[in-house]
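All of the numbers you see were taken from the coordinates with simple rules; none came from a lab. All values reported here derive from a predicted model rather than from experimental measurement. Positions of Cβ are generated from backbone atoms using ideal geometry, with glycine treated the same way; all protein chains shown enter the neighbour counts.
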Amino acid sequence: MATPARLTRQQRRERTRDDLVAAADRCFVEGGFHATSLDQIAAAAGYTKGAVYSNFASKEDLFFAVYERRAERAEAELARILADDPAAGLSRISADTSGRRGRDDSWLAVFFEFWAHVIRHPEFRARFAGIHRRVQLPVAEALERLAADRGSELPDAALPLAVATGAMQIGLALERLTQPEVVDESLGARMSHLVLEELERGTG
């Protein structure tokens, strides 16, 4: 039986970083950003706190790594959904966002907690916005393609429109956490359909 190849120093470092990010994701989701300590994350990953500081400058830096990983997956999924039929893809995204009742609620809670933290710390805003925009650009591009396919004009520039519709979905997700009896599973999809109807009535 062949002996497994020894990992290089760089490979060991990458594995350590991956383990820490995965553990941080679990810990932040379970306990929140402020309540979770780096000691807890290190223990959950099976490393010392020193390993955390060898890979990340701060708890914020570690959270950004978690957020970047989630944004990367979301960006790829959005691109896949929107690739062939932008209208159907946008409807599907809206329905999925408003229909995820109980799914990822703990992530939403820590995401909103960290967003509020960023607002109070301007030094983190540009990095947060850069990651956040990764999931907005595919929607903006899909809106541009949809308008072009239909010979219509968007009611606003594509990126601000994508930000606005995304903010509506995020806001509805936040409201759903406290008012589930008001924000039903199809509300986000119904509101997003208004944007698509506006495109249908485009100036051509």
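Brief remarks on what is shown
- Per-q log10 I(q)/I(0), the range 54-162, q = 0.12, 0.18 Å⁻¹ (Debye; single scatterer per alpha-carbon; no solvent): -0.51, -1.00
- Averaging the sequence gap over all C-alpha pairs within less than 8 Å and six or more residues apart, then dividing by the number of residues, gives the range 7-56 a relative contact order of 34 percent.
- For the peptides 170-182, 50-62, the ranking by packing is 50-62, 170-182, with the highest mean count of neighbouring Cβ atoms within 10 Å listed first.
- In terms of its C-alpha gyration tensor, the chain has a prolate overall shape, because the principal axis ratio a/c (a ≥ b ≥ c, square roots of the eigenvalues) is not below 1.5 and a/b outweighs b/c.
- Taken about its Cα centre, the chain carries a charge dipole of roughly 1040 debye when the Cβ of each Lys and Arg holds +1 and the Cβ of each Asp and Glu holds -1.
- Residue-averaged 222 nm ellipticity for the chain, from DSSP H runs of 4+ at -39500 (n - 2.57), nearest 500: -24000 deg cm²/dmol
- With Cα atoms defining each centre, the range 136-192 and the range 66-98 are spaced 12 Å apart in the structure.
- Rg over Rh for the range 7-56 works out to 1.00, using Cα positions for both radii and the Kirkwood form for Rh.
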